[in-house]
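What follows is a set of notes on a single structure, which appears directly below.
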Amino acid sequence: MLPLSIDTATASESFYVDDVAFRSGLVPEQTPLQMAVAAALGGFVPPDVARPFSYCDLGCGDGSTAIAVAATNPLADVVGIDFNPLHIAAGNEQIARLGLTNVRLFEASFAALEPLSSEFEQPFDLVACNGIYSWLEDQPRQGLITFLQRHLRPGGLFYVETTTLPGMAAVPPLWHLIQTLVPAAGRSSRQRAEEGLDWLER
């Protein structure tokens, strides 16, 4: 039996949670050299990654890829942006351990990137966004597009990995249903997911 009273406003809430860390890792496809090679093979002239360049990882997780890019390209200016404070804290600890000075991580939602604009001295030559774009709702997706329009250098590269249909077609409706069945108030993201899955099983 479903709840008698459902707060449908919860269905418009974001899918994403900030109280659970997501396991990050190096994404080779979004490293500067691989991005440049892919562009060249596709007939485009990529930025020269043998020279100093600027790089931004949108949805950087704990910064694994951004940190690797900074460590292997000491002349690069590297930025990572993620909305989850657990990710940013873990990344900053790693940056401090490695003693890197050419990488900065920022905690921000894609829907609220504008306040960061003053932090970027120059447009980015390379911007990457791995495994996120397909799941973005309207406001954060528009925030990402606006960010690219303002901060990606003309002739720069944007790497985007998307999850395509039909394999994941059922996931967003399932998330929306769980959000509708189980309001966020007073629950952690894990509790909310467990209660929602319990409703679905019943």
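The values are calculated or read from the model by the stated rules, or taken from the named source; none is laboratory data. Computed from a prediction, not measured in an experiment: that's the story for all the values here. Backbone-built Cβ (ideal geometry, glycine too); neighbour counts: all protein chains shown. SASA here: full protein model, heavy atoms, side chains in, ligands and nucleic acids out. Shrake-Rupley method; radii C 1.70, N 1.55, O 1.52, S 1.80 Å.
Within region 161-181, residues that are farther than 27 Å from Ala128 by Cα have Cβ atoms under 6 Å from residues that are at pLDDT 80 or above in these pairs: Ile178/Gly196; Leu181/Gly196; Leu181/Trp199, counting only partners at least 6 apart in sequence or on another chain. Checking each residue in region 1-50 for being open to solvent by less than 50 Å² (accessible area, probe 1.4 Å), of a type in the set (A, V, I, L, M) and at pLDDT below 85 picks out Ala11, Val20.
Summed over region 86-95, residues that are surrounded by fewer than 16 Cβ atoms within 10 Å (Cβ to Cβ) and either charged (D, E, K, R) or closer than 11 Å to Phe106 by Cβ (or both) total 1.
The rows are residues; the columns are (1) in contact with a helix residue (DSSP H, G or I) (Cβ under 6 Å, 6 or more places away or on another chain); (2) basic (Lys, Arg); (3) open to solvent by 40 Å² or more (accessible area, probe 1.4 Å); (4) closer than 25 Å to Gly42 by Cβ.
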position	(1), (2), (3), (4)
Arg97	no, yes, yes, no
Val103	yes, no, no, no
Phe124	yes, no, no, yes
Val127	no, no, no, yes
Leu136	no, no, no, yes
Ile145	no, no, yes, yes
Val171	no, no, no, no
Gln191	no, no, yes, no
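If we scan region 59-67, do we find a residue that is at pLDDT 95 or above, open to solvent by 50 Å² or more (accessible area, probe 1.4 Å) and farther than 21 Å from Leu148 by Cα? Looking for residues that are at pLDDT 95 or above, open to solvent by 50 Å² or more (accessible area, probe 1.4 Å) and farther than 21 Å from Leu148 by Cα, one finds none in region 59-67, hence no.
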